[in-house]
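The values are calculated or read from the model by the stated rules, or taken from the named source; none is laboratory data. A quick note: this is a predicted structure, and the numbers were derived from the prediction, not measured. Backbone-built Cβ (ideal geometry, glycine too); neighbour counts: all protein chains shown.
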Amino acid sequence: MVIRLEIERLILRAPRLSDVDNFLEGLNNKNLLKNITPFLYPIKKDDFLDVIKDTIKEWKSKYKSNYIFAIELKSKKKVIGEVSLSCVRKKHGTAEIGSWLNQKY
């Protein structure tokens, strides 16, 4: 199942491998990373490509427990952050939520 949410200025969608540079631009910020686990500054491109690949596999999985959305700024066609639902427990109706935005936006 593909989930895509679109509003006037933003699109929430599954991450793509082509998003890696946009993600790294936003994430390679010491102030931001001190609040986000499990990343250490600076994040290396090859390491983050593995993260995106795992995220793409999760989206294709029939039994998801995590939903990670890229936040795309429509006017620039650029990923400026992420919002995620993790540890989704459908049986209990619970999940954890997290988000971050590139400090420029």
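For the range 79-105, a residue qualifies if it is in contact with a strand residue (DSSP E or B) (Cβ under 7 Å, 6 or more places away or on another chain) and under 12 Å from GLY26 (Cβ atoms), and the qualifying residues are VAL79, ILE80, GLY81, GLU82, SER99, TRP100, LEU101, ASN102, TYR105. Step by step: first the residues of the range 61-71, then only those that are under 10 Å from the mean Cα position of the chain (by Cα) and not β-branched (Val, Ile, Thr), then the one that is modelled with the lowest pLDDT. Which residue is that? So the residue we want is TYR67. Considering only residues in the range 29-60 that are in contact (Cβ under 8 Å) with a residue 60 or more places away in the chain and surrounded by 12 or more Cβ atoms within 10 Å (Cβ to Cβ), the one that is farthest from ILE3 (Cα to Cα) turns out to be ASN29. For the residues VAL20, VAL2, VAL83, the requirement of being touching a helix residue (DSSP H, G or I) at 6+ places or on another chain (Cβ under 8 Å), of a type in the set (A, V, I, L, M) and buried (at least 16 other Cβ atoms within 10 Å of the Cβ) singles out VAL20. Looking at the structure I just gave you, is LYS76 in a loop (DSSP other than H, G, I, E, B) and at pLDDT below 95? No. Using the structure shown, decide if ARG4 is without any contact (Cβ under 8 Å) to a residue 12 or more places away in the chain and in contact with a strand residue (DSSP E or B) (Cβ under 7 Å, 6 or more places away or on another chain). Criteria met by ARG4. Apart from one condition, THR37 fits all of (1) assigned to a loop (DSSP other than H, G, I, E, B); (2) modelled with pLDDT of 95 or more; the exception is (2).
If you check LYS57, LYS44 for being under 15 Å from the mean Cα position of the chain (by Cα) and not hydroxyl-bearing (Ser, Thr, Tyr), only one passes: LYS57.
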